[in-house]
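Undergrad: Mind having a look at this structure? Questions to follow.
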Amino acid sequence: RVDEQQIRALPKAEVHVHLEGTFSLIDLLTLARENGVPLPGPAATIFDISTHADYVAPEVTSGGGSGAGAAGLTGFLRFLDWQCGLVRTAEQAARVAYAFAARQTAAGVRYSDVIVNPTHWNAWRGREFALLDALAGGLDDAEQDGLCRVNIAYSLLRSQSAVDAETIVAELARARPRRVVALSVDGDEKVAGRTGEKFRDAFAGAARAGFHRTVHAGESSGPDGVWDAIDLLQAERIDHGVRAVEDEALIARLVDERISLGVCPRSNVTLGIYPDWGAHPLRRLVDAGVLVTVNTDDPAPMGTTLDVDWAVTAERFGFDLSDMIGFAQRSIDASFADDDLKRDLS
Ligand code: ADE
Ligand code: ZN
């Protein structure tokens, strides 16, 4: 059995985690009090707060493709809007970024990419780059205090327009905000439909400007979303991608091109993509030779941290310590850390 202490000691990265999903209960209580915002009902845990958004799929019917997960994800994204709406000042933004770096460090994470989707942060509409600057300030302070380095993946919301996406990329290429190293897209594929074509030019522009690309797909979409991410969006990594398991040719492509999947088993179960850990395809993806990393997605509302989820992954899927060392090395390889840091951590 691999325990959490052994796991914390492994040099590792987390590559699929949303800053929007990292506010602890105490962060939320403090932000709500500072802003004079009432909390929805008695809350002993962040889960109690989040249940007002009703994001846990009401009925989880079968593994994959049932659509039950989309209901869970839609409500969950609304919950993220609500809590990010509590971050209104630059000081508050810097504080949540700093707290994230501190919690990653405590879980034994030595480097983290973090996804930031400014559309959730409704107090910052029209001031997205001021938000990025405040977040980078918090991450700078964290690194100066010896906490882990964190870089930002700027995420489009899947329902945004092509024009909005291309404007954002042009602005990123011009302003080069500190710590922003990648373009991402997240949100609900069930609601927005197939968005590969829509975002093709934005991702091409990001690639030309030297930004990495990571794409949510194969969670609320089937294999088609993963194909589009590779063929149309030049994705270097897929966030989730688990439903690629339904398509053998796609698996072969992921293996051949060494495109990694940022898998989040607990998130998939919580949001109803799979009914339980036993039905999750993580083991099958690993055995097929896909470069799989294990991540939390939204650790705070899902009530977890990366060290815990790696320990649960080892136990539920029967991985031993040497397997987990493999996961650790892959997480560093798949990360968007610069080469010097990758070398130090390997
Ligand atoms: N944003 C935060 N978590 C997400 C998820 N699991 N899927 C899509 N968008 C998200
Ligand atoms: Zn995600």
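Every number here is computed from the coordinates shown, using simple stated rules; none is lab data. These figures come from a predicted structure and were not determined experimentally. All Cβ positions, even for glycine, are placed from backbone atoms using ideal geometry, and neighbour counts span all protein chains on display.
Undergrad: Dividing the Cα radius of gyration by the Kirkwood radius, what Rg/Rh value follows for the chain?
TA: So for the chain, dividing Rg by the Kirkwood Rh gives 0.93.
Undergrad: Where Lys and Arg each count +1 and Asp and Glu each count -1, what net charge lies around residue 146 among other residues with Cβ under 15 Å from its Cβ?
TA: -2
Undergrad: What is the magnitude of the charge dipole of the chain about its Cα centre, with +1 placed on the Cβ of each Lys and Arg, -1 on the Cβ of each Asp and Glu, and no other charges, expressed in debye to the nearest 20? Write down the numbers at each step before the final one.
TA: Values: 34 positive and 51 negative charges, 83 e Å.
Value, rounded to 20: 400 debye.
Undergrad: Once the convex hull of the C-alpha atoms of segment 192-346 is built, how many Å³ does it hold per residue, rounded to a whole number?
TA: Expressed per residue, the convex hull around the Cα atoms of segment 192-346 is 124 Å³.
Undergrad: Something else: Quick test of the membrane-span-like rule: which DSSP H helices of the chain reach at least 18 Å along their long axis (C-alpha atoms) with mean Kyte hydropathy at least -0.5?
TA: The qualifying helices are 68-84, 90-106, 128-144, 162-175, 321-334.
Undergrad: Sticking with this structure for a sec: Add -39500 (n - 2.57) for each DSSP H run of 4 or more in the chain, then divide by its residues: what number comes out at 222 nm, to the nearest 500 deg cm²/dmol?
TA: -14500 deg cm²/dmol
Undergrad: Return the sequence-ordered ³J(HN,Hα) values of segment 16-22 in whole Hz as given by the Karplus equation 6.51 cos²θ - 1.76 cosθ + 1.60 applied to θ = phi - 60°, using x for Gly and Pro.
TA: Whole-Hz 3J(HN,Hα) from phi for segment 16-22: 9, 8, 9, 4, 4, x, 10.
Undergrad: Which net charge results for the neighbourhood of residue 117, defined as the other residues with beta-carbon distances under 11 angstrom from its beta-carbon, given Lys and Arg at +1 and Asp and Glu at -1?
TA: -3
Undergrad: Ok, one more. Would you mind putting 15-22, 334-341 in packing order, based on average other-beta-carbon counts within 10 Å, highest first?
TA: 15-22, 334-341
Undergrad: Give me P(r) over segment 167-226, computed from all C-alpha to C-alpha distances, binned every 10 Å, as integer percentages.
TA: 22, 49, 26, 4
Undergrad: Residues with beta-carbon under 13 Å from that of residue 92, excluding residue 92: net charge, scoring Lys, Arg +1 and Asp, Glu -1?
TA: Computed value for this residue: 0.
Undergrad: Need the list of lysines near residue 12 for cross-linking: C-alpha distance under 29 angstrom, and skip anything on the same chain fewer than eight residues off.
TA: Of all the lysines, those that pass the test against residue 12 - Cα under 29 Å, at least 8 places apart if same chain - are 342.
Undergrad: Identify all lysines with a Cα-Cα distance to residue 198 below 24 Å; exclude those on the same chain that are fewer than 8 residues away in sequence.
TA: 190
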